[in-house]
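Laboratory data are not the source of any read-out in this text; all were calculated from the coordinates shown. In this text, all values refer to a predicted model and were calculated from it rather than measured experimentally. For neighbour counting, all protein chains shown are included, and Cβ atoms are generated from backbone atoms with ideal geometry for every residue, glycine included.
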Amino acid sequence: MSNNVAKPGCQTKCGNLTVPYPFGIGIDAGCSIDSSFDIRCDTSSDPPIAYLNTGYSSIITASTVNISATQSPS
């Protein structure tokens, strides 16, 4: 079994977070199952922060069946 949890050719990490398929890093990058599963990786932060494409909730953990997020301050 491969250790790569993302689609081939797609980024697997945003900072300390490993992002598994069906989620994918990059908006409209073709790395997720659907655009609502796209993850935006903000590399201007140190460490980078992953956000759901559907808003400004930062992602705490991600698995192939679940994602935990917290609402980011405006």
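Quick notes
- Ranked by the mean number of other Cβ atoms within 10 Å of their residues, highest first, the peptides 20-33, 41-54 fall in the order 20-33, 41-54.
- Distance between the modelled labels on D46 and T18, one decimal in nanometres: 2.6 nm (7 Å Cα→Cβ projection).
- Environment charge at G24 (Cβ cut-off 13 Å; Lys +1, Arg +1, Asp -1, Glu -1): 0
- Coupling constants for the stretch 9-18 follow from the phi torsions by the Karplus curve (6.51 cos²θ - 1.76 cosθ + 1.60, θ = phi - 60°), and in residue order they are x, 9, 5, 9, 10, 10, x, 8, 8, 8 Hz; glycine and proline get x.
- The alpha-carbon positions of the stretch 13-60 define a convex hull whose volume is 63 Å³ per residue.
- Backbone HN-Hα couplings from phi across the stretch 34-42 [Karplus 6.51/-1.76/1.60, Hz, Gly and Pro as x]: 7, 4, 6, 9, 5, 10, 9, 9, 8
- Model label points for I33 and Q11, set 7 angstrom from Cα along the Cα-to-Cβ axis, are 2.2 nm apart.
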